[in-house]
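The values are calculated or read from the model by the stated rules, or taken from the named source; none is laboratory data. Here the structure is a predicted model, which is why all the values come from computation and not from measurement. Because the Cβ atoms are built from the backbone with ideal geometry, glycine has one as well, and the counts that use them run over all protein chains shown. Surface areas here come from the heavy atoms of the whole protein model, side chains and all, with no ligands, DNA or RNA. Shrake-Rupley method; radii C 1.70, N 1.55, O 1.52, S 1.80 Å.
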Amino acid sequence: MTKRTSKSRKTTVKAIAATGAVKRSSSNAPAPATPLIVLGFDDQQKPRGAKFVDAKPDLVTKAADLMGFKVYEASPPEIAEFAKKLPIGRLYANGRGFVPNIRQSLYSDLVVALGLEPQAALSKNGHNDSLPAARGLPSSWNDIAAGHLVIAQESLEYGWWEAIVLARNGDTFSLQYRDYPHLPKFVRHRSGIALMCPPSDDTKPAAAPQQA
């Protein structure tokens with residue numbers, strides 16, 4: 001065996017060993033954390049949303065609670081795709097977070113996707129999220145108040161969903177979707193909600209005729 005051949009084999013062995021070390025290192029590397037999504041409406045009745053990458057869930061949830069927003073994991077594939085379109089959020093030393101305004105269309109896309117994935121919600125409904133006492137259907141526009149059931153338009157694409165009125169300020173309403181309590185509260189102008197019609201008396205069965 002020549003010196004050149006021996007040196008070549010040593011180099012090959014070292015290269016194989018180095019490759020194995022890289023593979024072992026890669027396999028032991030922790031998986032990247034799932035991005036978190038924060039959604040909600042601000043005091044100016046504008047939709048806000050952000051994604052937080054490599055942030056601690058408890059800190060993000062605490063900041064979201066202070067702002068009245070909700071937190072979700074972007075683990076389902078469809079939600080992860082929408083999350084890519086969100087701006088990056090920031091956490092501050094005072095415990096609050098910065099969540100920018102986003103387009104209503106993107107907000108609606110996320111809300112509809114999250115509506116089908118309740119397990120993605122990290123925020124738990126607390127006392128502040130409790131619904132007002134149920135009051136049934138309002139008899140007119142002027143009678144709409146907290147606790148009434150109406151239907152609210154999410155968008156032209158996604159249509160109208162049943163919602164509970166949380167509060168009213170003139171022609172502006174704070175609402176919560178009845179069948180999706182894990183979704184954020186939202187705001188609609190009067191033009192974005194509609195009254196539900198009670199069952200018509202015509203649908204009641206006719207009384208049996210009395211015998212003479």
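Per residue, how much accessible surface does region 93-194 expose to a 1.4 Å probe? Answer in Å², no decimals.
Accessible area per residue, region 93-194: 51 Å².
I'd like the FRET efficiency for residue 98 and residue 194, computed as 1/(1 + (r/R0)^6) with the beta carbon distance as r and R0 of 35 Å, rounded to 0.05.
For R0 = 35 Å, the calculated efficiency reads 0.50.
Over region 83-205, what percent of the accessible surface lies on carbon and sulfur atoms, probe 1.4 Å? Walk me through the numbers before you get to the answer.
Working: 3770 of 7070 Å².
Whole-percent figure for carbon plus sulfur exposure: 53.
Order of 172-185, 148-161 by packing, highest average Cβ count within 10 Å first?
Details: 172-185: 18.6, 148-161: 15.9.
The most tightly packed comes first, giving 172-185, 148-161.
For region 33-102, divide the Cα radius of gyration by the Kirkwood radius and give the resulting Rg/Rh value with two decimals.
0.94
Once the piece of chain linking residue 59 and residue 143 is laid out straight, how much longer is it, given 0.36 nm per residue of separation minus the C-alpha distance between them? Working shown, then result.
Details: separation 84, 0.36 × 84 = 30.24 nm, distance 4.09 nm.
Net length gain for the segment: 26.1 nm.
If you keep only loop residues by DSSP, which trypsin sites (Lys or Arg not before Pro) in region 77-168 have at most 15 other Cβ atoms within 10 Å of their Cβ?
Numbers: sites: 84, 85, 90, 96, 103, 124, 135, 168; in loops: 84, 85, 96, 103, 124, 135.
Within region 77-168, the qualifying trypsin sites (Lys or Arg not before Pro) (loop, at most 15 other Cβ atoms within 10 Å) are 84, 85, 96, 103, 124, 135.
Please report, for the Cα atoms of region 125-177, the Rg to one decimal and the Dmax as a whole number; what are they, in angstrom?
Radius of gyration, then largest Cα-Cα span, for region 125-177: 11.4, 33 Å.
Which entries in 85/185; 62/124; 124/185; 51/84; 84/124; 56/85 show an alpha-carbon gap greater than 19 Å? Each step should come with its number before you reach the end.
Numbers: 85/185 21 Å; 62/124 11 Å; 124/185 13 Å; 51/84 8 Å; 84/124 24 Å; 56/85 21 Å.
Cα-Cα > 19 Å for 85/185; 84/124; 56/85; rest within.
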